[in-house]
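Below is one structure, written out as structure tokens; comments come after it.
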């Protein structure tokens, strides 16, 4: 295994890319979906399950881990990999999005953000340097710059101001990160729903010669068409030989359409959150197990799935678990959902290698559009 951080594009099909990100802790096959382990756990899953489903990398969250149990404590306990029993790659986000969306009484300055914790009201300061320091204490393999994420819709002036601040913070994060063999810091393209600002942000970040680039500030309520337009404006500006990460995305349809525009990495709470709320993702689209029509349905979610949660349990039983508030219901549906997401990613990778990505995308879309089979 290499001691360096490297990225190779192994095959292309249109703008879709099949690649490998290699790090000391393992290789990430791209396009990749990263299950979200916000507080050091992928909710309702064992880590060996997550790995067995095909996950090469998971995401951890700087904001939540700094509040509890605390980054310094995690470092004393051997780092996040050791604490969570996940010896493979981990990407940590910067905490910026959570500071902007969850924290109370925020004050934003050139230096950083001061805020009160949503957990206990304690006051904290998050600067670009502190964000990188925390991510280092967690010992993550890919670390994200601190940025300011503006909620859409917003005025162009406010979007530009946040974008320019994020670029200055990127320079400070790069300096704080320094040279760490085998690890990487990614910059984050901002610019809201303005393609000119997106292109400018991407161009400036490209000149910083970072090891990877993320597209942030999307999937925050804007229509899918807007998100895709921003990707079409951004991806051509970014280096061809560096990984591209679309943050916080998304639905299976979002992922397929974003891969078609050149994105390599994704994360989203959707499959785990949906599972805990009774919603299953399948090749036939979404299935709401809360619906009464499943109460006496003996069929599994998907008889052809390789995942026991999808193949071996009846819809009637899953419906019962969900309606009864049993923890096992959320566990089984989360297992199913992450299995479906990872099988989708494997299908995408195989299709790009075979030069049939457009056909694969059309077949997947047809399955979602047709929807679930009728009750017998």
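The table below gives the values:
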quantity: Residue within segment 6-21 that is surrounded by 18 or more Cβ atoms within 10 Å (Cβ to Cβ) and under 21 Å from residue 137 (Cβ atoms) present; calculated: no
quantity: Residue 219 vs. criteria surrounded by 15 or more Cβ atoms within 10 Å (Cβ to Cβ), farther than 21 Å from residue 343 by Cβ, at pLDDT below 95 and touching a strand residue (DSSP E or B) at 6+ places or on another chain (Cβ under 9 Å); calculated: yes
quantity: Residues within segment 66-99 that are in a helix (DSSP H, G or I), within 16 Å of residue 35 (Cβ to Cβ) and touching a helix residue (DSSP H, G or I) at 6+ places or on another chain (Cβ under 7 Å), tallied; calculated: 2
quantity: Any hit, segment 202-211, residues being outside any loop (DSSP other than H, G, I, E, B) and under 25 Å from residue 269 (Cα atoms); calculated: no
quantity: Test for residue 60: is it assigned to a loop (DSSP other than H, G, I, E, B) and closer than 27 Å to residue 23 by Cβ; calculated: no
quantity: All helices (runs of 4 or more DSSP H) inside segment 244-334 with 3 or more residues being in contact (Cβ under 8 Å) with a residue 40 or more places away in the chain and within 21 Å of residue 47 (Cα to Cα); calculated: 270-276
quantity: Filtered residue count, segment 111-131, keeping only those that are assigned to a helix (DSSP H, G or I) and surrounded by fewer than 24 Cβ atoms within 10 Å (Cβ to Cβ); calculated: 2
quantity: Residue tally, condition outside any helix (DSSP H, G or I) and farther than 30 Å from residue 226 by Cα, over segment 172-196; calculated: 6
quantity: When residues of segment 137-161 are limited to those that are free of Cβ contacts under 8 Å to residues at least 40 places away in the same chain and in a helix (DSSP H, G or I), the one surrounded by the most Cβ atoms within 10 Å (Cβ to Cβ); calculated: 159
quantity: Residues satisfying the stated conditions in segment 212-223, i.e. in contact with a helix residue (DSSP H, G or I) (Cβ under 9 Å, 6 or more places away or on another chain) and part of a strand (DSSP E or B); calculated: 213, 215
quantity: Whichever residue in segment 125-152 is in contact with a helix residue (DSSP H, G or I) (Cβ under 7 Å, 6 or more places away or on another chain) and modelled with pLDDT under 90 and, among such residues, is nearest to residue 193 (Cα to Cα); calculated: 150
quantity: Residues satisfying the stated conditions in segment 22-35, i.e. within 16 Å of the chain's Cα centre (by Cα) and either within 19 Å of residue 306 (Cα to Cα) or surrounded by 21 or more Cβ atoms within 10 Å (Cβ to Cβ) (or both); calculated: 28, 30, 31, 32, 33, 34, 35
quantity: Filtered residues of segment 344-363 (kept if under 17 Å from the mean Cα position of the chain (by Cα) and crowded, with 18+ Cβ neighbours inside 10 Å); calculated: 344, 345, 348
quantity: In segment 22-57, the residues that are within 18 Å of residue 138 (Cα to Cα), part of a strand (DSSP E or B) and touching a strand residue (DSSP E or B) at 6+ places or on another chain (Cβ under 6 Å); calculated: 34, 36, 37
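Matching residues to (1) in contact with a strand residue (DSSP E or B) (Cβ under 7 Å, 6 or more places away or on another chain); (2) at positive phi; (3) not assigned by TED's automatic domain parsing to the domain that holds residue 90:
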| site | (1), (2), (3) |
| --- | --- |
| 238 | yes, no, no |
| 287 | yes, no, yes |
| 294 | no, no, yes |
| 299 | yes, no, yes |
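The values are calculated or read from the model by the stated rules, or taken from the named source; none is laboratory data. Quantities reported herein were computed from a predicted structural model and do not represent experimental measurements. Quick reminder, even Gly has a Cβ in these numbers, built from the backbone with ideal geometry, and neighbours come from all protein chains shown.
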